[in-house]
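Inspection log for the structure reproduced underneath, given as structure tokens.
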Amino acid sequence: MKKTTRTAGLVAASAALLFSGLAVPSAASAAAPSLDWGACVGGAPAPDPRQRCATVEVPMDYSDPGAGTVDLVVSRIPSENPAERRGVLLLIPGGPGNSSLNDPSGRGQKLPQDVRDAYDLIGFAPRGLAPSTAVSCGLAYEDLAVTRVARPYPAPDGSVDAAMSAARRMSEACARNGGELIRHISTANEARDLDRVRAALGERKVSAWGVSYGTYAGAVYSRMFPHRTDRIVLDSNDDPDPRRVGRAWIAAHERGVEDTFPEFAAWASAPDSPVRLAGTPAGVRALFLRLADRLDREPIPWPNANPAELNGNVLRQSMLQTMYDPDGFERLARLIDGARDGRVPPVTAPSPQQVAGLQNSLAVGAGTLCNDIAWPRDAAVYEKGVAESRAAYPLTAGMPRNAMMCAAWPFEPQEPPVRITDAGPSDILLIQNERDPATPLAGALRMRAALGDRARMVTVDSTGHDAYLANGNACGDATVTRFLATGERPERDVYCGRGAVPPQPRGETAASVTGRERSFV
């Protein structure tokens, strides 16, 4: 973070931003200086030597330009065919707390050639995340366990007391160690930062591909800066309900896991499965629930893990994480199979660099979730939610409605959440798997309804998190690719069933299209 008294350039442009959550692009921001591209340093090495990085300076507090600035590090791989170049494609990461800095040379290289020809691929490390100006809560190592900080589980009996105590302890650490910047990490500020990146790139408009939390960040950008958007793809969509931003995303795991677990159960009970756990899907589910219950009472020591035991909640979290990608089904099945006999796979202790990176990403994630909206502070709210969730969704044992750090966050939100609406150009395409453990279809349909005629939606009959060029299918991939490369978007919402061939360009006969169209709104 840097203090500055300058009134020109990027800092002065912040006066054009409305603190209520919407922003009017200014002439000053459009005249931002060009970027100085050089080698990418301070993060993981870029897989592709073409990737170059630069720094964009943005206000720490958009409501108070004199409060100082922070640096955002952005990356770029230029269009591979300048003659076909349309503009830039922002790669908006998930999380919150993830980076897309190496995405131009990572997932960006999965994009078809005509998309890579059309755009410069742009990644970035969001504010607070190294190598941008970074924050850390300085949490105790034990509190870095996923089952305690990011996905806090209730006690085996459903009690939330330990979670509330941990929330107070961790929030105090964030207030003590996070500095002034942690108070200014939010989705609205990420959208404002992205518009500063747009201006620094010298672009009148930007296209974007947002994934997971990046769909909400992309939707917020499209709401705050609607006429700065070109072609926007939102992949694996969060529920944008402004009354429950953040809380709804965690709560969504209960429905998402129930949607997805049957696929794992079918795989693990198939006669030809490499790790057959039971003879029927119902048997696999019953086995998992029995084993998790047993591990609640009798955990297995697990050296180098955090926590250093395989308990019921660690098993549940391992299951949830595996549901993100069906390629991990065998790994989960082997963990379950081994745990039945008291065996666990070896774990390598994290390096100091890995621990520091986790501290950093968790601080950014917590800052975003807790600053976007005020969470309930009354333990009774969480007790009630946990009890209801445990009864209706036993696979996740109440975690999705438990108290996390935000239940004791020491700072009040500085502005209300941005309400996603249908105001703005019709230039958004959603893509969503039907079975997604993290961002289930139910939440995506609420995003679709909120955007109204601004959007169309491609629903894919597939399993896993991240649809486009990952866990979707050829029909969905081709529909998104065509939109990014040519601007052609389905006239109505599209359903891409299993085995569906990609829809044909307009002008082909209807009989050649097997991806069915249907309206969800």
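The values are calculated or read from the model by the stated rules, or taken from the named source; none is laboratory data. In this text the structure is predicted, and so the values were computed from the model without any measurement. Cβ sites come from the backbone with ideal geometry, for glycine too, and all protein chains shown count toward neighbours. In case anyone asks, the SASA skips ligands and DNA or RNA and just uses the protein heavy atoms, side chains included. Shrake-Rupley method; radii C 1.70, N 1.55, O 1.52, S 1.80 Å.
Mind checking which pairs have a first residue in the range 197-213 that is over 21 Å from Met447 (Cα atoms) and in a loop (DSSP other than H, G, I, E, B) and a second that is open to solvent by less than 10 Å² (accessible area, probe 1.4 Å) and polar (S, T, N, Q), Cβ under 8 Å, 6 or more apart or different chains?
Cβ pairs passing all conditions: Lys205/Thr229.
Report those strands (runs of 3 or more DSSP E) wholly inside the range 24-135 carrying at least 1 residues which are among the charged types (D, E, K, R) and touching a Ser or Thr at 6+ places or on another chain (Cβ under 9 Å). Talk me through it step by step, then tell me what you get.
Values: elements: 52-59, 69-77, 87-92, 119-125.
Here the list reads 52-59, 69-77, 119-125.
If I filter the range 308-322 for residues that are over 29 Å from Ala470 (Cα atoms), touching a residue at least 12 places away in the same chain (Cβ under 8 Å) and outside any helix (DSSP H, G or I), do I get at least one hit?
From the range 308-322, those over 29 Å from Ala470 (Cα atoms) are 308-312; that's our starting set.
Pick out the ones that are also touching a residue at least 12 places away in the same chain (Cβ under 8 Å) and you get 310-312.
Add one more test, that the residue is outside any helix (DSSP H, G or I), and what stays is 310-311.
Yes, that holds for at least one residue.
Quick grid of which residues meet (1) open to solvent by 10 Å² or more (accessible area, probe 1.4 Å); (2) aromatic (Phe, Trp, Tyr); (3) under 24 Å from Val233 (Cα atoms); (4) touching a Pro at 6+ places or on another chain (Cβ under 8 Å):
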residue: Gln354; (1), (2), (3), (4): yes, no, no, no
residue: Ile373; (1), (2), (3), (4): yes, no, no, yes
residue: Pro376; (1), (2), (3), (4): yes, no, no, no
residue: Pro417; (1), (2), (3), (4): yes, no, yes, yes
residue: Ala442; (1), (2), (3), (4): yes, no, yes, no
residue: Met447; (1), (2), (3), (4): no, no, yes, yes
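Among the residues of the range 408-444, write down those that are of a type in the set (Gly, Ala, Ser) and either in contact with a Ser or Thr (Cβ under 7 Å, 6 or more places away or on another chain) or in a loop (DSSP other than H, G, I, E, B) (or both). Can you show your working first?
Pass one, the range 408-444, residues of a type in the set (Gly, Ala, Ser): 408, 423-424, 426, 438, 442-444.
Passing the criteria: Ala408, Ala423, Gly424, Ser426, Ala438.
For the list (1) under 24 Å from Asp436 (Cβ atoms); (2) surrounded by 15 or more Cβ atoms within 10 Å (Cβ to Cβ), I need the number of the one condition that Leu291 fails.
(1)
Restricting the search to the range 228-271, which residues are within 21 Å of Gly338 (Cβ to Cβ) and of a type outside the set (A, V, I, L, M)?
Those that are within 21 Å of Gly338 (Cβ to Cβ) and of a type outside the set (A, V, I, L, M): Phe261, Phe264, Trp267, Ser269.
Got a number for residues in the range 32-53 being farther than 21 Å from Arg107 by Cα, in contact with a helix residue (DSSP H, G or I) (Cβ under 7 Å, 6 or more places away or on another chain) and at pLDDT 80 or above?
1
Please state which one of Arg223, Arg294, Arg255, Arg290 is more than 30 Å from Arg196 (Cα to Cα), within 20 Å of the chain's Cα centre (by Cα) and assigned to a helix (DSSP H, G or I).
So the residue among Arg223, Arg294, Arg255, Arg290 that is more than 30 Å from Arg196 (Cα to Cα), within 20 Å of the chain's Cα centre (by Cα) and assigned to a helix (DSSP H, G or I) is Arg255.
Every residue, every condition in (1) loosely packed, with under 15 Cβ neighbours inside 10 Å; (2) of a type in the set (Asp, Glu); (3) closer than 18 Å to Arg183 by Cβ, yes or no:
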position: Pro346; (1), (2), (3): yes, no, no
position: Gly357; (1), (2), (3): no, no, no
position: Val364; (1), (2), (3): no, no, yes
position: Ala379; (1), (2), (3): no, no, no
position: Lys384; (1), (2), (3): yes, no, no
